[in-house]
Amino acid sequence: MKILIFGGTTEGRQLSYGLAALGAEVTVSVATAYGAEEQGEKDGISVVTGRKEEGEMTGLLEGQNLCVDATHPYALEASGNIRRACITAGVAYVRLLREESPLIPEAVYAADAKAAAEYLAKKEGNILLTTGTKELPAFGGLARERLFPRILPMAENLAVCEAMGIPRRNIIAMQGPFSQTLNEALMEQFHIRYLVTKDGGKAGGFSEKIQAARQKNVLPVILRRKREQGKSFEEILVLCREAIRCGSY
């Protein structure tokens, strides 16, 4: 059974290992060299690196029995491209869902980064941005001195910050996972008043960020997830195990 996983996430990586252990021939497509480094080399798994347009995805799907979309829960554009590519290629598609976190009573929820920026424009105080550089331009209307983006230490991410005029002393270039203690230290060091975050669940260190915010009296501003249809990690493993056993692919 040949399975293509569009990954780059913790759960996608773990799923690739589980499927390879079942005897599947797994190809994992990741967008960046960092994603490939995190994926690592494993028997039964091949890794393809580089961002793919819809047409390129269709080509990559040739000869595959199943496609698992294990991209980030907020990567809506990528998921849409993957679904359309699967329809074109005639390959079964399944979305790997990441469990959502319970609602945080004391938090402010925003529809997207633009809505979060509009809310924060009416407030005062420093902002810890943990949503990645893709959403950073949405905060371009705010005073740069207030913005403290936490980004992966990659040249392209630093370039986005510099292009926006973020003071270098404000850029937190670090690779997670981040403990509650480290989150608290950063909030204290930079006098943070607001935390902008996605609901990344357990894999994204969401709980550690929220607990740190509570301890430091920082208000979380959480970007809402869009509702999706899909299957859990365990459900996909069961589906593939049965398919391999029955030889249905």
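The values are calculated or read from the model by the stated rules, or taken from the named source; none is laboratory data. Computed from a predicted model, the values in this text were never measured in an experiment. Neighbour counts run over all protein chains shown; Cβ positions are idealised from the backbone, glycine included.
There is no residue in the range 148-155 that is over 21 Å from the mean Cα position of the chain (by Cα) and not in a loop (DSSP other than H, G, I, E, B). Being under 24 Å from ALA111 (Cβ atoms) and outside the structural domain of GLU77 (by TED's automatic domain parsing), is that true of even one residue in the range 171-178? No, the range 171-178 contains no residue that is under 24 Å from ALA111 (Cβ atoms) and outside the structural domain of GLU77 (by TED's automatic domain parsing).
Being under 27 Å from LEU103 (Cα atoms) and in a loop (DSSP other than H, G, I, E, B) is the requirement here; does GLY141 meet it? No. Filtering the range 10-27 to residues that are within 20 Å of ALA92 (Cβ to Cβ) and either out of contact with any Leu (no Cβ under 8 Å at 6 or more places or on another chain) or not assigned by TED's automatic domain parsing to the domain that holds GLY59 (or both) leaves SER16, ALA20, GLY23, ALA24, GLU25. Close contacts from the range 200-211, counting a first residue that is among the aromatic types (Phe, Trp, Tyr) and a second that is surrounded by 18 or more Cβ atoms within 10 Å (Cβ to Cβ), with Cβ to Cβ under 9 Å and a gap of 6+ residues or different chains, come to PHE206/THR197; PHE206/LYS198; PHE206/ASP199; PHE206/GLY200; PHE206/ILE222. The set of residues in the range 51-93 being part of a loop (DSSP other than H, G, I, E, B) and in contact with a Ser or Thr (Cβ under 7 Å, 6 or more places away or on another chain) consists of LYS52, ALA70, THR71, HIS72. Among the numbered conditions (1) in contact with a helix residue (DSSP H, G or I) (Cβ under 7 Å, 6 or more places away or on another chain); (2) at pLDDT 90 or above, the only one that ALA203 does not meet is (2).
Evaluation of GLY59 against the conditions (1) within 17 Å of VAL94 (Cα to Cα); (2) free of Cβ contacts under 8 Å to residues at least 12 places away in the same chain shows that the sole unmet condition is (1). Considering each residue of the range 131-163, count those that are modelled with pLDDT of 95 or more and acidic (Asp, Glu), and give that number. Residues that pass the stated criteria total 2. ILE104 meets all of the listed conditions (1) closer than 30 Å to ALA212 by Cα; (2) without any contact (Cβ under 8 Å) to a residue 60 or more places away in the chain but one, namely (2). The set of residues in the range 63-99 that are modelled with pLDDT of 95 or more and of a type in the set (Asp, Glu) contains only ASP69.
Annotation: of all residues in the range 66-86 being touching a strand residue (DSSP E or B) at 6+ places or on another chain (Cβ under 8 Å) and either aromatic (Phe, Trp, Tyr) or without any contact (Cβ under 8 Å) to a residue 24 or more places away in the chain (or both), the one that is nearest to ILE236 (Cα to Cα) is ARG83. Only one entry in LEU15, LEU22, LEU76, LEU66 is of a type outside the set (Val, Ile, Thr), at negative phi and out of contact with any Lys or Arg (no Cβ under 9 Å at 6 or more places or on another chain), namely LEU15. Screening LEU219, LEU152 for residues that are in contact (Cβ under 8 Å) with a residue 60 or more places away in the chain, within 22 Å of GLU38 (Cα to Cα) and either in the same structural domain as LEU128 (by TED's automatic domain parsing) or surrounded by 14 or more Cβ atoms within 10 Å (Cβ to Cβ) (or both) leaves exactly one candidate, LEU152. Just checking, does the range 167-189 include any residue being under 24 Å from TYR119 (Cα atoms), without any contact (Cβ under 8 Å) to a residue 60 or more places away in the chain and part of a strand (DSSP E or B)? Taking every residue of the range 167-189 in turn, at least one turns out to be under 24 Å from TYR119 (Cα atoms), without any contact (Cβ under 8 Å) to a residue 60 or more places away in the chain and part of a strand (DSSP E or B). Quick check on this structure: which one of GLU100, GLU106 is out of contact with any Pro (no Cβ under 6 Å at 6 or more places or on another chain), within 22 Å of PHE233 (Cα to Cα) and part of a loop (DSSP other than H, G, I, E, B)? Just a single option satisfies the conditions, and that option is GLU100.
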